[in-house]
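We did not get these values from a lab; they are worked out from the coordinates using the rules stated. Bear in mind the structure is a predicted one, so any value in this text is a computation, not a measurement. Cβ: placed from backbone, ideal geometry, glycine included. Neighbour counts: every protein chain shown.
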Amino acid sequence: MDFDRIRERDREKTRMNTIRERLLFYGKDMRRMEAEKEKIEMYRDRLSIGASWSSSDAVKGGGSSQEDLQVKIIDKISECERNIKIIELENRAMTNAIEDLDSDKQFIIRHMWMIKGDKRFTYRDCGSYLKMSKDTAQRRSDAALLEIFEKLYLIEGGEIDVR
């Protein structure tokens with residue numbers, strides 16, 4: 001086998017492993033963002049329900065306890081929105097790289113590499129869902145991982161992260 005081809009294949013494996021690892025963290029961040037959005041909805045529901053339940057009479061010259069609760073809930077909503085914005089900013093490059101893939105590659109990336117554990121698809125599962133062979137699904141997965149790598153990293157200059 002050709003020496004250059006062996007080196008290139010090893011480089012590609014390393015690049016794919018790098019993207020696989022980053023996709024796991026990206027998937028966790030997306031799940032955290034969804035959890036933050038659910039918290040916001042819960043807090044907004046509490047805010048609208050709690051506003052009509054008790055009187056707003058001031059106690060001992062200060063604000064009412066109901067107003068204090070409303071302010072705390074609004075602060076929690078603001079904190080959740082801030083967390084969502086941080087997650088979006090940190091993952092913008094990965095999101096754009098995934099969105100640039102075709103639909104089959106996006107499906108494979110989302111169902112194989114962004115999920116950890118029992119819910120994760122295999123090459124065979126992806127192939128049967130996308131009506132292609134297991135080997136074709138594996139080749140498409142490898143191509144998608146390398147395509148994401150090329151969008152996120154500069155190939156020359158020690159493979160520097162462009163974020």
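Here are the numbers for this structure:
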quantity: Relative exposure of Asp135, Asp118, Asp104, judged by other C-beta atoms within 10 Å (fewest first); calculated: Asp118, Asp135, Asp104
quantity: Per-peptide average of other Cβ atoms within 10 Å, ordering 24-32, 40-48 highest first; calculated: 24-32, 40-48
quantity: Size of charge dipole - region 3-152 - debye, nearest 20, with Cβ of Lys, Arg +1 and Asp, Glu -1, no other charges; calculated: 660
quantity: Full-stretch length increase - Gln106, Ala35 - with 0.36 nm per residue and alpha-carbon distance subtracted; calculated: 23.3 nm
quantity: Cross-link partners of Lys131 among aspartates and glutamates (Cα-Cα below 14 Å; sequence separation of 8 or more within a chain); calculated: Asp104
quantity: Computed lengthening from Arg5 to Glu88, 0.36 nm per intervening residue step minus Cα-Cα distance; calculated: 26.1 nm
quantity: Å³ per residue enclosed by the Cα convex hull of region 3-152; calculated: 143
quantity: Cα-Cα over 28 Å, subset of Lys72/Lys116; Lys85/Lys134; Lys37/Lys72; Lys28/Lys76; calculated: Lys72/Lys116; Lys85/Lys134
